[in-house]
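The values are calculated or read from the model by the stated rules, or taken from the named source; none is laboratory data. These numbers were taken from a predicted model, which means no experiment stands behind them. We place every Cβ from the backbone using ideal geometry, glycine too, and count neighbours over all the protein chains shown.
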Amino acid sequence: MHGYDEPVYLISVVAKALNIHPQTLRQYEREGLVTPSRTGGKMRLYSQRDIDRINMILRLTRDLGVNLAGVDIILQFKDQIDQMEQEIEDLKVELSKHQRQGSVAARHSLVKKRNIYEIIIFGE
């Protein structure tokens, strides 16, 4: 079993699995939408994360009619949201650690869920 981020799939395997032409994958790379790893011999290797990203690109273009410029913007926003969600999780862990140590009283901290963002507020 390979890790989610481990680059193991050749371009021909990915193209066949997704029922697209390898040239499409090369175009996505030229556009900066996906960045496969390279072997010493310059062969492209894709991870499962790359394949999932390509599937999202295909859904956006095929099913929703989004052009590649729009896909790029959507993916940038998605990456930013993913990063912010990770930062929120990190802050929750940090807050929990401080609460366990007693450095922040539970009554002085608050975590609120608003839409897809959570806000941590420290009271006086």
**Message:** Residue under question is Ile20, and the condition is that it be outside any helix (DSSP H, G or I), surrounded by 10 or more Cβ atoms within 10 Å (Cβ to Cβ), modelled with pLDDT of 95 or more and touching a helix residue (DSSP H, G or I) at 6+ places or on another chain (Cβ under 8 Å); does it hold?
**Reply:** yes
**Residues of the range 36-50 that turn out to be surrounded by fewer than 18 Cβ atoms within 10 Å (Cβ to Cβ), in contact (Cβ under 8 Å) with a residue 12 or more places away in the chain and not in a strand (DSSP E or B), as a count** = 3
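If I ask for residues that are in contact with an Asp or Glu (Cβ under 9 Å, 6 or more places away or on another chain) and free of Cβ contacts under 8 Å to residues at least 40 places away in the same chain, which ones from the range 72-88 would you list?
Filtering the range 72-88 down to residues in contact with an Asp or Glu (Cβ under 9 Å, 6 or more places away or on another chain) leaves 72, 85, 88.
Answer for the range 72-88, where residues must be in contact with an Asp or Glu (Cβ under 9 Å, 6 or more places away or on another chain) and free of Cβ contacts under 8 Å to residues at least 40 places away in the same chain: Glu85, Ile88.
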**Item:** Enumeration of residues in the range 63-73 that are modelled with pLDDT under 95 and part of a helix (DSSP H, G or I)
**Value:** Asp63
**Prompt:** If the Cβ limit is 7 Å and pairs must be 6+ apart or interchain, which residue in the range 1-13 that is touching a residue at least 40 places away in the same chain (Cβ under 8 Å) pairs with which residue that is in a loop (DSSP other than H, G, I, E, B) and not hydroxyl-bearing (Ser, Thr, Tyr)?
**Reply:** His2/Val8; Pro7/Pro36
**Fill in**
Only one of (1) surrounded by 14 or more Cβ atoms within 10 Å (Cβ to Cβ); (2) assigned to a loop (DSSP other than H, G, I, E, B) does not apply to Val14, and that is (2)
**Asked** In the set Ile88, Ile120, which member is surrounded by 13 or more Cβ atoms within 10 Å (Cβ to Cβ), over 18 Å from the mean Cα position of the chain (by Cα) and at pLDDT below 95?
**Response** Ile120
**Prompt:** Yes or no: Leu58 modelled with pLDDT of 95 or more, farther than 21 Å from Gly3 by Cα and in contact with an Asp or Glu (Cβ under 6 Å, 6 or more places away or on another chain)?
**Reply:** no
